[in-house]
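Peer 1: Take a look at this one; I'll ask things after.
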Amino acid sequence: MTQNLTPLEEADRELARAQELIAAGQLTDALPALETAVGGFESAGEVFGQILSLKILSEVNRDLGNPNPALTQVTRAHALLAEAKPDAEQLPDFATEVGSLHAELGDFARSATWYAQGLRGYEALSNAEGQAHNLVALAGLARQAQDEAQAQDYLAQAYDLYKTGNHTVQLMHVRNAQAQGLLATGDTDAARPLLAEALDLAGELEDHAFLGETYQLLALVTAQGGDADAAQTHLMRSAEHYAQAGDTDNEAFVKELLNQLTGGR
C-alpha cells in the first residue's frame with residue numbers, strides 16, 4: 001500500500017535521498033530530489049529546511065557548472081535566513097557565496113557589494129579569517145577596476161588579520177599578491193621585501209609550486225634592477241622548484257626565459 005506523505009515528510013525524505021546521491025557523486029541525479037525538498041519545505045512552512053535545501057541545491061549547481069541557478073538559489077536562501085534569523089552566524093557566509101557567484105558571472109559591481117556585506121557580517125562576529133578572506137576578494141575586484149591603491153589597502157588589512165591568526169599559507173599568498181600589484185606599477189623596490197617574505201613563508205611550508213613562482217618574480221625584479229647574475233640564479237631556482245612540483249609547463253617556460261637571459265650559454 002502506498003504511504004501518503006505530508007509535504008514535510010516528503011521534503012525530509014527527498015533531502016535525505018539527495019544527500020545520499022551527493023555522497024555517491026551523483027550530483028545531477030540529486031537535483032530533482034533537492035528541488036522537491038525545497039518545494040515541500042516551502043509548502044510545509046519549514047523555512048530552515050527550505051534554506052538548507054536551497055543552499056545545498058546552489059552548491060550542487062555550482063559544482064555542475066551552473067552558476068546562474070546557483071546564484072538565484074543562494075540569494076533566495078540568504079533572504080529567507082535574514083528574515084527568519086537576522087543575527088544568524090551563517091549570513092556572512094551566504095553573502096560571500098553570492099559575491100563569489102556574481103564575480104564568476106562577471107558582475108563585479110554586485111560582487112563587491114555582496115563581499116562588503118559579508119565583510120561587515122564577519123566584523124560583527126569578530127571572525128578575523130572571514131574578514132581577511134573577503135578583503136582579499138575585494139582587493140581582486142579593486143584591481144579589476146584598475147584601482148591598485150585600494151587593492152593594496154585591502155591586502156594590507158587582510159595581511160594584518162591573517163598575521164594575528166598565524167595563517168602561514170594565506171600570509172604567503174597575500175604578500176605575493178601585494179608584490180605582483182607593485183611590480184605591475186613598476187615599484188620594484190617596494191615589491192622586493194614582500195617577495196623575500198613570501199619566499200621565507202613558502203620555504204617553511206615546502207611549497208615548491210609557490211617557491212617556483214616567487215623565484216620567477218624575484219628574477220623579474222632583479223633583472224629590472226640590472227642584476228643579470230642574480231636574475232639568472234633566481235630563474236635556475238625557479239625551474240628547480242617547478243620541477244619538484246611536477247609543473248613541467250612552468251619549468252619549460254622558466255628555462256626558456258633563462259635561455260634568453262644567458263643568450264643560450
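The values are calculated or read from the model by the stated rules, or taken from the named source; none is laboratory data. The model shown is predicted, which means the values in this text are computed figures rather than measured ones. So basically every Cβ, Gly included, is an ideal-geometry build from the backbone, and we count neighbours across all protein chains shown. Each accessible area value is taken on the protein alone, full model and side chains, heavy atoms only, with ligands, DNA and RNA left out. Shrake-Rupley method; radii C 1.70, N 1.55, O 1.52, S 1.80 Å.
Peer 1: Report every pair of residues separated by at least 6 positions or lying on different chains whose Cβ atoms are under 8 Å apart, first residue within region 17-28 and farther than 12 Å from GLU59 by Cα and part of a helix (DSSP H, G or I), second open to solvent by 90 Å² or more (accessible area, probe 1.4 Å) and of a type in the set (Gly, Ala, Ser).
Peer 2: none
Peer 1: Right, here's the next one. Looking at region 107-115, can you tell me whether even one residue there is loosely packed, with under 15 Cβ neighbours inside 10 Å, in a helix (DSSP H, G or I) and in contact with an Asp or Glu (Cβ under 9 Å, 6 or more places away or on another chain)?
Peer 2: No, region 107-115 has no match at all.
Peer 1: Next question, about the same structure. When you go through (1) within 26 Å of THR75 (Cβ to Cβ); (2) over 17 Å from the mean Cα position of the chain (by Cα); (3) surrounded by 14 or more Cβ atoms within 10 Å (Cβ to Cβ) one by one for GLU148, which number turns out not to apply?
Peer 2: (1)
Peer 1: List pairs: first residue in region 225-250 and over 14 Å from ASP207 (Cβ atoms), second residue among the polar types (S, T, N, Q) anywhere in the structure, Cβ distance under 6 angstrom, at least six positions apart or on different chains.
Peer 2: Close Cβ pairs satisfying both conditions: ALA230/THR222; ALA231/THR222.
Peer 1: In this structure, does LEU195 turn out to be in a helix (DSSP H, G or I), closer than 29 Å to ASP147 by Cβ and either under 21 Å from the mean Cα position of the chain (by Cα) or not basic (Lys, Arg) (or both)?
Peer 2: Yes: the conditions hold for LEU195.
Peer 1: Hey, any hits in region 85-92 for a residue that's in a helix (DSSP H, G or I) and either among the polar types (S, T, N, Q) or open to solvent by 80 Å² or more (accessible area, probe 1.4 Å) (or both)?
Peer 2: No: region 85-92 contains no residue that is in a helix (DSSP H, G or I) and either among the polar types (S, T, N, Q) or open to solvent by 80 Å² or more (accessible area, probe 1.4 Å) (or both).
Peer 1: Okay, next question. Residue by residue through region 93-105, note down the ones that are of a type in the set (S, T, N, Q) and open to solvent by 20 Å² or more (accessible area, probe 1.4 Å).
Peer 2: Residue satisfying the conditions is SER100 alone.
Peer 1: Based on this model, can you work out whether LEU205 counts as of a type outside the set (S, T, N, Q), open to solvent by less than 50 Å² (accessible area, probe 1.4 Å) and within 21 Å of TYR159 (Cβ to Cβ)?
Peer 2: no
Peer 1: Take region 120-159 and flag every residue that is of a type in the set (A, V, I, L, M, F, W, C) and in contact with a Phe, Trp or Tyr (Cβ under 9 Å, 6 or more places away or on another chain).
Peer 2: Passing the criteria: ALA128, ALA132, LEU135, VAL136, ALA137, LEU138, ALA139, LEU141, ALA142, ALA145.
Peer 1: Being β-branched (Val, Ile, Thr) and open to solvent by 80 Å² or more (accessible area, probe 1.4 Å) is the filter; apply it to region 1-56 and report the residue that is modelled with the highest pLDDT.
Peer 2: Applying the filter and picking the extreme gives THR28.
Peer 1: Would region 74-92 turn up any residue that is touching a Gly at 6+ places or on another chain (Cβ under 9 Å), within 23 Å of ARG17 (Cα to Cα) and modelled with pLDDT of 95 or more?
Peer 2: For region 74-92, residues touching a Gly at 6+ places or on another chain (Cβ under 9 Å), within 23 Å of ARG17 (Cα to Cα) and modelled with pLDDT of 95 or more: absent.
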